Structure formats: C-alpha cells, structure tokens
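Asker: Before I ask anything, here is the structure I am working with.
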Amino acid sequence: MMTFFFDRNVPIALARMLNHYDRQHDTVYLDDRFPKTTADSDWLVEIAKWDPKPVVISGDGRILSNPAERQVLAGLPLSFFVFAEGWCNLAWRERAWKTVKVWPRIVEAANCRRPTVFRVPVTAQKVEQLWLTAEAVRRK
C-alpha cells in the first residue's frame, strides 16, 4: 500500500474520487493536513518525514521551476508526479476520466527504486520519467 499526497493544485474532488476508485492505496489532500498558508517547501519537508514516505501528486509545475523549491525537493526522498500544462484547462469530466485512465501507470511508476520526478502528459497515455529527485537542482 502506498500513500499519494495531493497538493491543492489538484482538485480535492479528484483526490477523493481516486480514494474511492483505488482502495489499495491511500490518498491524502494537502488541506487535510496543513493550513492553506503553508508554503510548498514547508509541507514537502514535513511529508518527507512520514513513514512510509508518500508519493506527491501535483498540479503545480512551478515547484519544478522555482529554484528554491527545486533545491528543497532535491534534498528529499520523495517521488513527485506533476500533471503537465493543460490539465488545469480540462473540463472536470475530461480531467476525471483521463486521471482514472492514467492512474495505473502512475501507481506502477511510483514503485520506482529511487525517488524520481515524473510528468503526466495531458494525453494520459503514459507517465514520463524526468529525472531522479536528487537531480532536480541540475535539471529544468
């Protein structure tokens, strides 16, 4: 069993839907554990202390482009999935079915040996491995 931690850039309804769809894994939504004012770098550090380590599911690609947040992420033993640009522009129904379609690929990729950063394209056909989390500072 894995725990998937959803940031608030993923609709809470989507996280709740996946919690009902996939009973083999747990889902936790950011707002269920942290105040709305919590900075990304702060909650990343805190969830990295959990045992077992959760897998981050994010709708916020800015975490990967912000040098300070990338530095924090690079130092943590977390795998990180980001929905590619365009997901947030999808209508709810389309986003929901595409997420369910790609979910088995996300779960499979999350079983990686080393913490890794992945991107989920809008096509929902695959999950793309970007780099090891520890290399986040050197990548763009």
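The values are calculated or read from the model by the stated rules, or taken from the named source; none is laboratory data. A quick note: this is a predicted structure, and the numbers were derived from the prediction, not measured. Here the Cβ positions follow ideal geometry from the backbone for every residue, glycine too, while neighbour counts run over all protein chains shown.
Asker: Looking for whichever is within 23 Å of Trp97 (Cα to Cα), touching a residue at least 60 places away in the same chain (Cβ under 8 Å) and either aliphatic (A, V, I, L, M) or in contact with a strand residue (DSSP E or B) (Cβ under 9 Å, 6 or more places away or on another chain) (or both) here; the options are Asn9, Asn19. Which one fits? Spell out how you get there, then give the answer.
Answerer: Values: Asn19 fails: touching a residue at least 60 places away in the same chain (Cβ under 8 Å).
Only one candidate qualifies: Asn9.
Asker: Which of (1) closer than 18 Å to Cys88 by Cβ; (2) surrounded by 16 or more Cβ atoms within 10 Å (Cβ to Cβ) does Val55 not meet, given it meets every other one?
Answerer: (1)
Asker: Looking only at residues in the stretch 43-70 that are closer than 17 Å to Ala136 by Cα and modelled with pLDDT of 95 or more, which one is nearest to the chain's Cα centre (by Cα)?
Answerer: Ranking the qualifying residues of the stretch 43-70, first place goes to Ile57.
Asker: Would you point out which residue out of Arg114, Arg119, Arg138, Arg70 is surrounded by 13 or more Cβ atoms within 10 Å (Cβ to Cβ), touching a strand residue (DSSP E or B) at 6+ places or on another chain (Cβ under 9 Å) and of a type in the set (D, E, K, R)? Step through it out loud before you land on a result.
Answerer: Numbers: Arg114 fails: surrounded by 13 or more Cβ atoms within 10 Å (Cβ to Cβ); Arg138 fails: surrounded by 13 or more Cβ atoms within 10 Å (Cβ to Cβ); Arg70 fails: touching a strand residue (DSSP E or B) at 6+ places or on another chain (Cβ under 9 Å).
Just one listed residue meets the conditions, Arg119.
Asker: Collect the residues in the stretch 81-110 that are over 13 Å from the mean Cα position of the chain (by Cα) and in contact (Cβ under 8 Å) with a residue 60 or more places away in the chain, keeping them in residue-number order.
Answerer: If the condition is that a residue be over 13 Å from the mean Cα position of the chain (by Cα) and in contact (Cβ under 8 Å) with a residue 60 or more places away in the chain, then Cys88, Trp92, Arg95, Ala96, Val100 are the ones that fit.
Asker: Could you name every one of the strands (runs of 3 or more DSSP E) located completely within the stretch 38-140 that has at least 1 residues being under 16 Å from Asn9 (Cα atoms) and of a type in the set (Lys, Arg)?
Answerer: Working: elements: 55-58, 80-83, 116-120, 128-132.
It comes to 116-120.
Asker: List the residue pairs whose Cβ atoms are under 8 Å apart, where the first residue sits in the stretch 59-79 and is free of Cβ contacts under 8 Å to residues at least 60 places away in the same chain and farther than 23 Å from Thr99 by Cβ, the second is surrounded by fewer than 20 Cβ atoms within 10 Å (Cβ to Cβ) and of a type in the set (Ser, Thr, Tyr), and the two are 6 or more positions apart or on different chains.
Answerer: The qualifying pairs are Ala68/Ser41; Glu69/Ser41; Val72/Ser41.
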